[in-house]
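The values are calculated or read from the model by the stated rules, or taken from the named source; none is laboratory data. Bear in mind the structure is a predicted one, so any value in this text is a computation, not a measurement. Counting neighbours? That spans all protein chains shown, and the Cβs are built from the backbone with ideal geometry, glycine included.
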């Protein structure tokens, strides 16, 4: 592998990230600077023309009523909860996948059991109506 | 000295330059290609073949009023588009353009990419929420739920690739495809990853967060000037990024005969970008409940099964 020894790597500061930590931090700084420069440049160059019409939220030309700090429908909240469950589970599957070959059939059967439990969970929330959206759910 | 300092700096400059120029070129390419498929001309006035149209738009966007609505949440409103662009640009750090040509050759490159893609959600969610506009809010919550749902199995879809190559390092994943590109043994993974990629970059057919016929412009309704520009460029850099990742994970990255590796990588990415644009030209937008049903009821179980089956096959044949 053509990996150059980098200053940070030699200092052994952040061992698991060694191969690129120097480049990565410089790159991150460059990206930040670029974004800030773009934003600042536009603020500096842009013209200013205040008008009463601009003080109103644009909602298709209809005069806005009330605030936009509305409560969200419950299905969105449930998606967030399901995301937590299934994405954390994903982390376990990731760590198995990278070592699949070494772990062999033992590891495979364990992760299969794990995935089976997850699919059971998915079937459960499915049957409970957790994945339903909109009017089809109300009719039932 | 040259090897340790100058080389990384050159690669950093190249990576950023590539990201920005491809995003600009892509805006032009998309408008021209859409025009071809819709039997019209597209932008052809500024410069040869309209190539300088993007430059003209850039100059114009800088001189636009940098408007922050008084009803908006000021700091969040400014940070949101920057957050999106930074998170997308950071993902470019792990993309190996050719052997050794990579900003940061992390051993967890693939996880880094997934993490940065997830961070992009914040840009959309905060942008829509801070606008204090009902359409923007609707767009933002749609975007959040959609991207969260598709993210779940985006990671799972590439686990087949990780099992086959035994690494999260993107260079090693490409090297593992010397015998056969992973698009053949991991065809299911490829399809799921591409669909998730479309949804993650919220492009048509999955552009419900900004569905202009329903929500004006969705989460960026109140944005104008360079802040809108950042959202816009972020979207196009996202398309390039997903195309690059698909090439790396499933189409052998830089590998190919005769031509130099970088050229092969660029060619394959270009073809995939054209597929992205073709999808926009040819597919209609699904309903939101259809979108979510498809994610949770079809793609998630498929991705889980794909992981199990791939693991079993690898163990059975080696």
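Could you check how many residues of region B:10-23 are in contact with a helix residue (DSSP H, G or I) (Cβ under 7 Å, 6 or more places away or on another chain) and either more than 19 Å from residue B:245 (Cα to Cα) or outside any helix (DSSP H, G or I) (or both)? Selection size over region B:10-23: 0. Look at (1) more than 18 Å from residue B:230 (Cα to Cα); (2) at pLDDT 50 or above; (3) surrounded by fewer than 17 Cβ atoms within 10 Å (Cβ to Cβ); (4) more than 7 Å from chain B (Cβ to nearest Cβ) and you find that residue A:18 fails only one, number (3). One residue alone among B:69, B:43 is farther than 23 Å from residue A:27 by Cβ, in contact with a helix residue (DSSP H, G or I) (Cβ under 6 Å, 6 or more places away or on another chain) and buried (at least 17 other Cβ atoms within 10 Å of the Cβ), and that residue is B:43. Of all residues in region B:92-135, those satisfying the criterion of being facing chain A (nearest Cβ under 7 Å) and under 16 Å from residue A:73 (Cβ atoms) are B:134, B:135. Of all residues in region A:118-128, those being surrounded by 11 or more Cβ atoms within 10 Å (Cβ to Cβ) and more than 10 Å from chain B (Cβ to nearest Cβ) number 1. In the set (1) at the interface with chain B (Cβ under 7 Å from one of its Cβ atoms); (2) modelled with pLDDT under 85, residue A:41 fails one condition alone, (2).
If you filter region A:85-102 down to residues that are more than 9 Å from chain B (Cβ to nearest Cβ) and free of Cβ contacts under 8 Å to residues at least 12 places away in the same chain, you find that the one that is nearest to residue B:300 (Cα to Cα) is A:88.
Take residue B:213 and tell me if it is within 13 Å of chain A (Cβ to nearest Cβ), surrounded by fewer than 23 Cβ atoms within 10 Å (Cβ to Cβ), at pLDDT below 85 and over 14 Å from the mean Cα position of the chain (by Cα). In short, yes.
Quick grid of which residues meet (1) more than 30 Å from residue A:58 (Cβ to Cβ); (2) modelled with pLDDT under 85:
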site	(1), (2)
B:190	yes, no
B:205	no, yes
B:242	yes, no
B:247	yes, no
B:256	yes, yes
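Residues to consider are B:281, B:316, B:295; find the one that is assigned to a helix (DSSP H, G or I), in contact (Cβ under 8 Å) with a residue 60 or more places away in the chain and surrounded by fewer than 17 Cβ atoms within 10 Å (Cβ to Cβ). Result: B:281 is the single residue among B:281, B:316, B:295 that is assigned to a helix (DSSP H, G or I), in contact (Cβ under 8 Å) with a residue 60 or more places away in the chain and surrounded by fewer than 17 Cβ atoms within 10 Å (Cβ to Cβ). Report whether or not residue B:271 is closer than 18 Å to residue B:97 by Cα and either free of Cβ contacts under 8 Å to residues at least 12 places away in the same chain or assigned to a loop (DSSP other than H, G, I, E, B) (or both). Against the criterion (closer than 18 Å to residue B:97 by Cα and either free of Cβ contacts under 8 Å to residues at least 12 places away in the same chain or assigned to a loop (DSSP other than H, G, I, E, B) (or both)), residue B:271 qualifies.
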